[in-house]
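Chemist: Here you go, one structure.
The values are calculated or read from the model by the stated rules, or taken from the named source; none is laboratory data. Predicted, not measured: the structure shown is a model, and the values here were computed from it. Here the Cβ positions follow ideal geometry from the backbone for every residue, glycine too, while neighbour counts run over all protein chains shown. Only protein heavy atoms, including side chains, enter the accessible area calculation; ligands, DNA and RNA are left aside. Shrake-Rupley method; radii C 1.70, N 1.55, O 1.52, S 1.80 Å.
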Amino acid sequence: MTTSSAALDDDGTRDAADGTPERADGNRATGDPAADAPTGRDRTTRSAALLATLIAIPVTLLVAVLAFTKLAPDTPAAAPSPSATTPRAQSTAPVEMAAPALAARPATVCRALLSQLPQTIRDLNQRPVTAGPEQNAAYGDPALTVACGGAEPDFPATDEVWTVNRVCWHAAEQADATVLTTVDRETPVTVRVPRSYEQPLQWAAPISDVIVASVPSGGAIPSGCQR
């Protein structure tokens, strides 16, 4: 009687006649343990994990964007341009002004002054006058007026005088206006600034520039105007 024999290995298996490892209980062992693993289930698990990752990435980005938008400060409203000013409501009717007769020299000087006055002073448009357009001008509503060739102002020596753009002015306060008169020119120029216009000397600044160019200095200049 022939007996098949196989050597028993250290791990409890023995080699069968064909060389395949065989357990002591007679069941053959596979050469690759992974061969018996449920590969179909592993593939399904990996696919589900990949799909979850692909979904989670855009959701995470969307949440981050929404959180940033909520935490970011609101964009401030654009500030109005400094140059944008609301135009004043202005009448275009002629402004009533007196036109006393002038001697030849003052008349010539006044015509030179009036020919160079601007069409606007700040936001006030020039308006027609009822008399003497060669020596009078008016701007805005209520009217700021410019009169050339009037009388020299009479005021106490203690009164203050103000130099604006190289022209010296005396300011006299009236109920409804500040009256500014030059005190350093051979032909006086008077500017009447209504109370509704603040800081009257600032309104005289553009007129001072024209006076310097067209009205020579002269007369008894107060000490406060000496430069």
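Chemist: Within region 88-172, what whole-number % of the accessible surface is contributed by carbon and sulfur, with the 1.4 Å probe and all protein chains included in the calculation? Mind showing how you got there, number by number?
Modeler: Values: 2400 of 4570 Å².
Ligands and nucleic acids excluded, carbon and sulfur reach 53 percent.
Chemist: Separate question: What residues have an amide H closer than 5 Å to that of VAL164, excluding those fewer than 5 places away on the same chain, when H is modeled at 1.01 Å from N in the peptide plane?
Modeler: Hits under the 5 Å cutoff: TRP169.
Chemist: Could you give the length gained on full extension between GLU186 and GLN90, defined as 0.36 nm per residue of separation minus the Cα-Cα distance, in nm? Kindly include the intermediate steps, with their values, before the conclusion.
Modeler: Numbers: separation 96, 0.36 × 96 = 34.56 nm, distance 3.33 nm.
Gain in length upon complete extension: 31.2 nm.
Chemist: Using protein chains only and a probe of 1.4 angstrom, how many square angstrom of ASP123 are accessible, to the nearest 10?
Modeler: Per-residue accessible area (ASP123): approximately 60 Å².
Chemist: Which order do you get for LEU114, LEU144 if you rank them by accessible area with a 1.4 Å probe, largest at the top?
Modeler: Values: LEU114 25, LEU144 0 Å².
Result of the area sort, largest leading: LEU114, LEU144.
Chemist: Not counting ligands, DNA or RNA, and with a 1.4 Å probe, what is TYR197's accessible surface area in Å² rounded to the nearest 10?
Modeler: Around 10 Å² of this residue is reachable by solvent.
Chemist: Also, I was wondering about something else. Around ILE211, what is the net charge, scoring Lys/Arg as +1 and Asp/Glu as -1 over all other residues with Cβ under 9 Å from its Cβ? Please list the in-between numbers first.
Modeler: Working: positive: ARG166, ARG185; negative: ASP209.
Taking every other residue near ILE211 into account, the sum is +1.
Chemist: Tell me which residues come under 5 Å, amide H to amide H, from THR178 once H is placed; ignore anything under 5 positions away on its chain.
Modeler: VAL193, ARG195
Chemist: Continuing with this model, one more query. Given points 7 Å out from each Cα along the Cα-Cβ axis, report the GLU173 to ALA107 separation in nanometres with one decimal.
Modeler: Result for the modelled spin labels: 3.9 nm.
Chemist: Need one number: nm distance between label points at GLU198 and GLN116, each 7 Å from Cα along Cα→Cβ, rounded to one decimal.
Modeler: 3.2 nm
Chemist: Between ALA213 and PHE155, what's the calculated FRET efficiency when r is the beta-carbon distance and R0 is 22 Å? Round to 0.05. Kindly include the intermediate steps, with their values, before the conclusion.
Modeler: On the way: r = 26 Å, r/R0 = 1.19.
The pair ALA213/PHE155 has a calculated efficiency of 0.25.
Chemist: What residues qualify as long-range amide H neighbours of ASN125, i.e. H under 5 Å apart, gap of 5 or more or another chain, H built at 1.01 Å from N?
Modeler: Those lying under 5 Å, H to H, from ASN125 are GLY140.
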